[in-house]
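Peer 1: My questions will all concern the structure given below.
The values are calculated or read from the model by the stated rules, or taken from the named source; none is laboratory data. Quantities reported herein were computed from a predicted structural model and do not represent experimental measurements. So basically every Cβ, Gly included, is an ideal-geometry build from the backbone, and we count neighbours across all protein chains shown. Side chains included, ligands, DNA and RNA excluded: accessible areas come from the protein's heavy atoms. Shrake-Rupley method; radii C 1.70, N 1.55, O 1.52, S 1.80 Å.
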Number of protein chains: 2
Amino acid sequence: MQTISDAESRIMEALWRKTPLSAEQIFAAVGAENGWAPATVKTLVTRLLKKKAISGGKEGDSYVYRPLITRAAWVQSESQGMLDKLFKGEVAPLVAHFAEHRKLSAKDLKQLKALIARIEEDK
Amino acid sequence: MQTISDAESRIMEALWRKTPLSAEQIFAAVGAENGWAPATVKTLVTRLLKKKAISGGKEGDSYVYRPLITRAAWVQSESQGMLDKLFKGEVAPLVAHFAEHRKLSAKDLKQLKALIARIEEDK
DNA sequence: CTTGCCAGATTACGCGCGTAACTTCAGATT
DNA sequence: AATCTGAAGTTACGCGCGTAATCTGGCAAG
């Protein structure tokens, strides 16, 4: 629900990439990648079930898991929290910060301009 | 050093607002605001000392604390971590996310345009 | 019917955090 | 010199997390 831990979010990412997944598929997707034992993956899945972040159930012939919260919702709460804590909730200072630290790529700049243009248009 | 916890960051914020501060002043600044007992504030200060995030020492007549890391450095590591985790390190998608969720204020928009213009200028 | 597999539940353990009290040690005051 | 004061260190405790193994119970296959 509220707090998806870092390790747990890896499981969520796998399910957001492809849904639904079986226990085995989840392990295949994240186990090796993170160096986790199958038991560890199981624990994380169990905790996510308890948190109502995912659901598990039999569908047809096999038992599979599905995310109950969307990635967008998760991203929203995570990024909003950071924004509030670090930049008083204002987006521009955040971008300014990245600009100062040379973390604004040319690609970012181009996309930002396009984004702003789009917003201006249907304003 | 690396990991300044949430509670600890409140202490840091106080020291970044005004430096140096005595133990008493730190408590005055953050204790009431967060509902912390003096002992709790002391623990947090101690942990920050151990982490080399602040320094403490006698200056003139009283004992005071100073931050050893800058707010900018902290903001950088925090925001970069979030950016990498949530948006593959790209700033534009982050802004796009906020735009979609109607979290982009008119003020933000104006500042962003100004910011981009400034960057373009001395490119 | 019995055995085995698989999902879920229980248990484990060390670490950091939030919250806090108590102890120690050195400098200052009496 | 003895006492006090304030800073640092030590100890405490429950919780969530990262990491993992084991137990249990139901369905499927032999």
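Peer 1: What nm value, rounded to one decimal, do you get for the distance between A:Glu59 and A:Ala28 when each label is placed 7 Å out toward the C-beta?
Peer 2: In this crude spin-label approximation the distance works out to 1.6 nm.
Peer 1: Can I ask one more? What is the sum of charges around B:Tyr63, taking Lys and Arg as +1, Asp and Glu as -1, for the other residues whose C-beta is under 14 Å from the C-beta of B:Tyr63?
Peer 2: Net local charge, B:Tyr63 excluded: 0.
Peer 1: In nm, to one decimal, how far is the A:Thr43 label point from the A:Arg71 one, both placed 7 Å along Cα→Cβ?
Peer 2: If labels sit at A:Thr43 and A:Arg71, their model points lie 2.7 nm apart.
Peer 1: Normalising by the residue count of chain A, find the relative contact order in percent from Cα pairs under 8 Å and 6+ residues apart.
Peer 2: It rounds to 21 percent for chain A.
Peer 1: Tell me, what is the percent relative contact order of the range A:6-67, built from C-alpha pairs under 8 Å that lie six or more residues apart?
Peer 2: 41 percent
Peer 1: Right, something else. Across the residues of B:102-113, average count of Cβ atoms on other protein chains within 10 Å?
Peer 2: Mean shielding count: 5.
Peer 1: Highest GNM mean-square fluctuation, chain B, Cα pairs closer than 10 Å: which of B:Ala106, B:Ala53, B:Ala73?
Peer 2: Looking only at B:Ala106, B:Ala53, B:Ala73, the largest GNM fluctuation is found for B:Ala106.
Peer 1: Add +1 for every Lys or Arg and -1 for every Asp or Glu among the other residues with Cβ under 12 Å from the Cβ of B:Thr40, and state the total.
Peer 2: +2
Peer 1: Kindly report, to the nearest 10 Å², the accessible surface of B:Thr3 as traced by a 1.4 Å probe over protein heavy atoms only.
Peer 2: Approximately 100 Å² of B:Thr3 is accessible to the 1.4 Å probe.
Peer 1: Kindly compute the accessible surface that chains A and B hide from a 1.4 Å probe when together, both sides summed, and give it to the nearest 100 Å².
Peer 2: That pair hides around 3500 Å² of surface in total.
Peer 1: Please find, in a Gaussian network model of chain A (springs between Cα atoms separated by less than 10 Å), the residue of A:Arg66, A:Arg47, A:Arg102 whose mean-square fluctuation is greatest.
Peer 2: A:Arg102
Peer 1: Would you mind telling me the share, in percent, of accessible area of the range A:71-121 contributed by carbon and sulfur at probe 1.4 angstrom?
Peer 2: In the range A:71-121, the share of accessible area belonging to carbon and sulfur is 53 percent.
Peer 1: Scan around A:Ser105 for amide H atoms under 5 Å from its own, H built in the peptide plane at 1.01 Å from N, and keep only partners 5 or more places away or cross-chain.
Peer 2: Correct list: B:Val91.
Peer 1: What FRET efficiency comes out for the pair B:Glu100/A:Ala106, r = Cβ-Cβ distance, R0 = 22 Å, nearest 0.05?
Peer 2: 0.45
Peer 1: Still on this structure, I have one more. Under a 5 Å amide H to amide H cut-off, with H placed in plane at 1.01 Å, what residues pair with B:Ser55 once short-range neighbours are removed?
Peer 2: Excluding prolines and chain starts, which carry no amide H, the hits are B:Arg66, B:Leu68.
Peer 1: Now for a different question. Across peptide B:42-48, what mean number of C-beta atoms from other chains lies inside 10 Å of a residue's C-beta?
Peer 2: What the average comes to for B:42-48 is 0.
Peer 1: Using the Cα centre as the reference, give the magnitude of the dipole from point charges on the C-beta atoms of the range A:6-67 (Lys, Arg: +1; Asp, Glu: -1; all else neutral), rounded to the nearest 20 debye.
Peer 2: Dipole about the Cα centre, nearest 20: 260 debye.
Peer 1: Is it possible to state the helix-based mean residue ellipticity at 222 nm for chain A, with each DSSP H run of 4+ residues giving -39500 (n - 2.57), the sum divided by total residues, to the nearest 500 deg cm²/dmol? What is it?
Peer 2: Theoretical 222 nm ellipticity from helices: -18000 deg cm²/dmol.
Peer 1: Ok, one more. Summing +1 for each Lys or Arg and -1 for each Asp or Glu, what net charge is found among the other residues whose Cβ lies under 14 Å from the Cβ of A:Trp16?
Peer 2: +4
Peer 1: What's the magnitude of the charge dipole for the range B:8-115 around its Cα centre, counting Lys and Arg as +1 and Asp and Glu as -1 at the beta-carbon? Answer in Debye, nearest 20.
Peer 2: Computed charge dipole of the range B:8-115: roughly 120 debye.
Peer 1: For B:81-89, what's the mean count of beta carbons from other chains sitting within 10 Å of each residue's beta carbon?
Peer 2: 4
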